[in-house]
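Novice: My questions will all concern the structure given below.
The values are calculated or read from the model by the stated rules, or taken from the named source; none is laboratory data. From a predicted model like this one, the values you see are computed outputs, not experimental measurements. Here the Cβ positions follow ideal geometry from the backbone for every residue, glycine too, while neighbour counts run over all protein chains shown.
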Amino acid sequence: MTSARNRAIARALRELADALELPVEPQQDQSSSDPGRVGDRLLYDLPTAATRLSLSVRVIEQLVAAGEIDSVRIGRRRLLRSEDLAGYVDRLSRP
């Protein structure tokens, strides 16, 4: 019963954060073995993506402007796909 209640509370908090457009750090899924996956989200806003990559928001904006990382727009929000973030990191590690 407690586990179901905790999930319900977590879901309500995520919905509230989405309504307020606040970045929320997702819980790491221990069952996921895909190394290219970044967290549990499919899309990240710029501040959250910057945190995930340990970069500043300005650097993320510059990478998007230079075409190094693709972005999508939903309404007025600019979002980055998790696979694009993972792809950027993969390209960094190649000589």
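Novice: Sort through ASP34, ASP18 and tell me the only one that's surrounded by fewer than 10 Cβ atoms within 10 Å (Cβ to Cβ), of a type in the set (Asp, Glu), at pLDDT below 80 and out of contact with any Lys or Arg (no Cβ under 8 Å at 6 or more places or on another chain).
Specialist: Checking each option against the conditions leaves just ASP34.
Novice: Sticking with this one: Please verify whether LEU42 is in contact with a strand residue (DSSP E or B) (Cβ under 7 Å, 6 or more places away or on another chain) and at pLDDT 95 or above, treating the condition exactly as stated.
Specialist: No; evaluated as a whole, the condition is false for this residue.
Novice: List the helices (runs of 4 or more DSSP H) inside the range 43-95, counting only whole elements, that have at least 1 residues being without any contact (Cβ under 8 Å) to a residue 60 or more places away in the chain and either touching a His at 6+ places or on another chain (Cβ under 7 Å) or within 16 Å of ASP18 (Cα to Cα) (or both).
Specialist: In the range 43-95, the matching helices (runs of 4 or more DSSP H) lie at 46-53.
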